[in-house]
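Enquirer: Next up is a structure, given as structure tokens.
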């Protein structure tokens, strides 16, 4: 590769396909190696643990309250709005939260009926 073509490649995305082709899109930022779509994909695995800990933090104990579940759903909504979590994954987590909310209601009713006789 000549010096001129390598200099021209310096402003292009560093992503290469499995067959050896190079991406021809411009880099997202001057100090970035990738174009915007590939920069997001490269950042995704790093953020996955952070997003998971934000969502799970309120409901990580032995007892899950309705307010803790609501706080987790707010974190989930925020992560979806920021594009840090995909809509399919968010939909699955929302369905699980629906089941959790129903079980919280059932457990609350059971507790009241067993331990509070006048209920």
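The values are calculated or read from the model by the stated rules, or taken from the named source; none is laboratory data. Being a predicted model, the structure only gives us computed values, none of them experimental. Ideal geometry is used to build each Cβ from the backbone, glycine not excepted, and the neighbour counts take in all protein chains shown.
Enquirer: Return yes when residue 19 is modelled with pLDDT of 80 or more, over 19 Å from the mean Cα position of the chain (by Cα) and in a loop (DSSP other than H, G, I, E, B) and no when it is not.
Expert: In short, yes.
Enquirer: Residues in the range 79-104 that are part of a helix (DSSP H, G or I) and free of Cβ contacts under 8 Å to residues at least 24 places away in the same chain: how many?
Expert: So the count comes out to 15.
Enquirer: Right, here's the next one. Could you check residue 52 against (1) modelled with pLDDT under 80; (2) within 12 Å of the chain's Cα centre (by Cα) and say which number it fails?
Expert: Every listed condition holds for residue 52 apart from (1).
Enquirer: If you don't mind, another one. Are any of the residues in the range 36-49 surrounded by fewer than 16 Cβ atoms within 10 Å (Cβ to Cβ) and over 29 Å from residue 12 (Cβ atoms)?
Expert: yes
Enquirer: For the range 75-101, which positions are at pLDDT below 90, more than 18 Å from residue 49 (Cβ to Cβ) and either under 10 Å from the mean Cα position of the chain (by Cα) or exposed (fewer than 11 other Cβ atoms within 10 Å of the Cβ) (or both)?
Expert: Hits for the range 75-101 are 81, 87.
Enquirer: Please work out which residue is nearest to residue 62 (Cα to Cα), limiting yourself to the range 102-119 and to residues that are touching a helix residue (DSSP H, G or I) at 6+ places or on another chain (Cβ under 9 Å) and surrounded by 11 or more Cβ atoms within 10 Å (Cβ to Cβ).
Expert: 104
Enquirer: Now for a separate question. Could you tell me whether any residue of the range 61-68 is surrounded by 14 or more Cβ atoms within 10 Å (Cβ to Cβ), modelled with pLDDT under 85 and assigned to a helix (DSSP H, G or I)?
Expert: No, every residue in the range 61-68 fails to be surrounded by 14 or more Cβ atoms within 10 Å (Cβ to Cβ), modelled with pLDDT under 85 and assigned to a helix (DSSP H, G or I).
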